[in-house]
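The values are calculated or read from the model by the stated rules, or taken from the named source; none is laboratory data. Note that the structure is predicted; figures quoted are calculated from it, not measured. Glycine gets a Cβ as well: all are built from the backbone with ideal geometry, and neighbour counts include every protein chain shown.
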Amino acid sequence: MIERIFLDIGWMSGIGVGLALLMVIAERWLSNYGEVQIDINGKRKIKVKGGNSLLSTLAESQIFMPSACGGRGTCGACKCKVVEGGGPILPTEKPMLSASEMAENVRLSCQVKVKNDIGIMIPETFFNIRRYEASIEEIIDYTYDIKGITFKFKEGNEIDFKAGQYMQLESKPYDKVKEKAVRAYSISSKPQLKDRLQLIIRLVPEGICSTWVHKHLKVGDSVSLTGPYGDFMLKDSDADTLFVAGGSGMAPIKSMLEYLQEVGTKRNMTFFFGARTTKDLYLNEEMAEFEKHFENFSYEPVLSHATPEENWTGKTGFIMPYFEEVIKDPPNTEAYLCGSPGMIAAVTKSLKEYGVPAENIRYDDFG
């Protein structure tokens, strides 16, 4: 009887191994689409190996699409128009696409699998995005969960970007994380600095890339980045300007202020920075220096959960009620916002109620 049981177990194990082997063989066979062609903007044709996502396939050909979520289909940043060959729109794409986008066959490149010849349309600016190899030059602990990381490019490499743009940082495997992750972080240094740049990165609970940065990255380590990406940039004007940010949203505003410090400006500027408590405030000395440098700049931190022990005498609560103090000419006011989607939605609604034109409200959300 016991022998029979062991014999049955042996047969079942053998069948299981055989099925697993068949699945591996089938996967490789079905995923082998051979060489296919991607037609880009009707001007450029590249031959690639089929089977992977459009996002990763383009990256292998040194054409980098923005992807704040690293290709998980949750940010919607990697949209492009698929002219032909992309197959039907997938359920994973629909939450990120409007009805008009779907009608025009706009797709998420991270969800489109390159199985056959495909034609796409992408902005020409994407061809200027590059991969950069760098080493970690400096790590600054700004708060308990925010670090400033300076990346020094390999000798001879320089970058051109606009204040407000972002980079995509590639993490490396660590602990139980076996694959790299790609995440988007705003550049916090000035564009005039070409051979290095700084990113401000907040530790996200269970965040693959931010955990790698905060717990494993060291000065001298080699890393890869791509960029620059994004159109969250200053308009060329002398309009009254509101900056609104929270947390690591400080990064692009810092870059904009450093840029304006270099080129000069006549703008009337106010920077509202939202935080919970005083331990969430940082770069206070730098903001004080900006107040000394610019004739018409004010830094206004606003705490939502200040405790009596902190003896905080500054602004508290929500940022929006304080707009009345600074918005004097709504049609001639521009706003630049960086923070969570909820914050941006609330601030945008308030600004419109104060009369700031929608086209003058620019934002970069990192939700």
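Residues that are surrounded by fewer than 16 Cβ atoms within 10 Å (Cβ to Cβ) and not acidic (Asp, Glu) within region 225-238 comprise Lys235, Ser237, listed in sequence order.
Applying the condition of being of a type in the set (Gly, Ala, Ser) and in contact with a strand residue (DSSP E or B) (Cβ under 6 Å, 6 or more places away or on another chain) to region 315-367 and asking which residue is modelled with the lowest pLDDT yields Gly339. Only one entry of Gly220, Gly227 meets the criterion of being assigned to a strand (DSSP E or B) and on the phi > 0 side of the Ramachandran plot, and that entry is Gly227. Mind checking whether some residue in region 330-349 is small (Gly, Ala, Ser), surrounded by fewer than 19 Cβ atoms within 10 Å (Cβ to Cβ), at positive phi and in contact (Cβ under 8 Å) with a residue 24 or more places away in the chain? Taking every residue of region 330-349 in turn, none turns out to be small (Gly, Ala, Ser), surrounded by fewer than 19 Cβ atoms within 10 Å (Cβ to Cβ), at positive phi and in contact (Cβ under 8 Å) with a residue 24 or more places away in the chain. The set of residues from region 119-137 being in contact with a Ser or Thr (Cβ under 9 Å, 6 or more places away or on another chain) and surrounded by 13 or more Cβ atoms within 10 Å (Cβ to Cβ) comprises Ile120, Ile122, Ile129, Arg130, Arg131, Tyr132, Ala134, Ser135, Ile136, Glu137. Residues in region 335-355 that are among the hydrophobic types (A, V, I, L, M, F, W, C) and assigned to a helix (DSSP H, G or I) were compared, and the one that is farthest from the chain's Cα centre (by Cα) is Leu351.
Can you confirm whether Ile159 is of a type in the set (A, V, I, L, M, F, W, C) and surrounded by fewer than 17 Cβ atoms within 10 Å (Cβ to Cβ)? The answer is no for Ile159. The number of residues in region 100-147 being over 30 Å from Met287 (Cα atoms), among the β-branched types (Val, Ile, Thr) and free of Cβ contacts under 8 Å to residues at least 24 places away in the same chain comes to 1. Of all residue pairs spaced 6 or more apart or on separate chains, those with beta-carbon atoms under 6 Å, a first member in region 213-224 that is assigned by TED's automatic domain parsing to the domain that holds Leu169 and a second member that is buried (at least 18 other Cβ atoms within 10 Å of the Cβ) are Val213/Ile201; Val223/Ala134. Inside region 268-291, residues that are more than 24 Å from Leu203 (Cα to Cα) and either assigned to a helix (DSSP H, G or I) or at pLDDT below 95 (or both) make up a count of 4. Looking across region 78-102 at every residue that is hydrophobic (A, V, I, L, M, F, W, C) and in a loop (DSSP other than H, G, I, E, B), the one that is nearest to Thr57 (Cα to Cα) is identified as Cys78.
Scanning region 207-217 for residues that are more than 14 Å from Ser248 (Cβ to Cβ) and either aliphatic (A, V, I, L, M) or within 17 Å of the chain's Cα centre (by Cα) (or both) turns up Ile208, Thr211, Trp212, Leu217. Residues considered: Glu309, Glu295. Of these, the only one that is assigned to a helix (DSSP H, G or I) and over 27 Å from Pro66 (Cα atoms) is Glu309. Every listed requirement among (1) among the acidic types (Asp, Glu); (2) within 19 Å of the chain's Cα centre (by Cα); (3) over 18 Å from Phe64 (Cβ atoms) is met by Asp141 save one, (2).
For residues that are in contact with a helix residue (DSSP H, G or I) (Cβ under 8 Å, 6 or more places away or on another chain) and assigned to a strand (DSSP E or B), scanning just region 171-197, find the one that is surrounded by the most Cβ atoms within 10 Å (Cβ to Cβ). Among those that are in contact with a helix residue (DSSP H, G or I) (Cβ under 8 Å, 6 or more places away or on another chain) and assigned to a strand (DSSP E or B), it is Ile187. So, Ser298, is that one assigned by TED's automatic domain parsing to the domain that holds Pro330 and either surrounded by fewer than 19 Cβ atoms within 10 Å (Cβ to Cβ) or touching a residue at least 12 places away in the same chain (Cβ under 8 Å) (or both) or not? Taking the combined requirement at face value, the residue satisfies it.
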